[in-house]
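Note sheet for the following structure.
The values are calculated or read from the model by the stated rules, or taken from the named source; none is laboratory data. Keep in mind that what you see is a predicted model, and the values were worked out from it rather than measured. Because the Cβ atoms are built from the backbone with ideal geometry, glycine has one as well, and the counts that use them run over all protein chains shown. Note: areas computed on protein heavy atoms with side chains; ligands, DNA, RNA excluded. Shrake-Rupley method; radii C 1.70, N 1.55, O 1.52, S 1.80 Å.
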Amino acid sequence: ACDPGITEEWKYMGSPVFYLDGMLCVADAYKTEVKVIFAKGASLADPKKLFNAELEGTTRRAIHYLEGSKFDKAGFQGLIKAAMALNRSKPAKPLPKPGAKKKVAKTAAAKR
């Protein structure tokens, strides 16, 4: 409902992953809860205070929906739209090629 361009792929042992100009979120289903993890959640404003898990992380944030808990549709769509805007504002970094060596910056001491 947020954007018809959002795609869904099934990865990570059967979890739906949602993309638009990069990963938006992934949903994990458990017996009594659903956990929605926003890939760049730490960079998103959360005015409705929906994030309730992985709050200490520097990149991801998550929402645990326990069985019977309320679902704030407008708040959730706001987070999806914010994640879409963030993905569009920052070009994705290319992944390193498998087996590629990391470049190490040479310090003044190492040059001697």
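Remarks
- Couplings 3J(HN,Hα) for segment 40-57, derived from phi with the Karplus relation 6.51 cos²θ - 1.76 cosθ + 1.60 (θ = phi - 60°), are 10, x, 5, 9, 9, 6, 10, x, 8, 6, 7, 5, 9, 8, 6, 6, 7, x Hz, where x marks Gly and Pro.
- For the set VAL17, VAL34, the ranking by accessible area, highest first and with no ligand, DNA or RNA atoms included, is VAL34, VAL17 under a 1.4 Å probe.
- Taking the accessible area of segment 14-56, probe 1.4 Å, and keeping the other protein chains in place, the carbon and sulfur fraction comes to 57%.
- Residue-by-residue Karplus 3J(HN,Hα) for segment 15-29, coefficients 6.51, -1.76, 1.60, Hz, glycine and proline x: 9, x, 10, 10, 10, 6, 6, x, 6, 9, 7, 10, 10, 10, 9
- Residues of segment 11-51 with amide N under 13 Å of the 7 Å Cα→Cβ point at LEU66: 32-34
- Put PHE38, PHE71 in order of accessible area, highest first, and with a 1.4 Å probe you get PHE71, PHE38.
- Spin-label model, ALA74/LYS90: points 7 Å from Cα along the beta carbon direction are separated by 2.9 nm.
- For ARG61, the residues 5 or more places off, or on other chains, whose built amide H falls under 5 Å of its own are PHE38, GLY41, ALA42.
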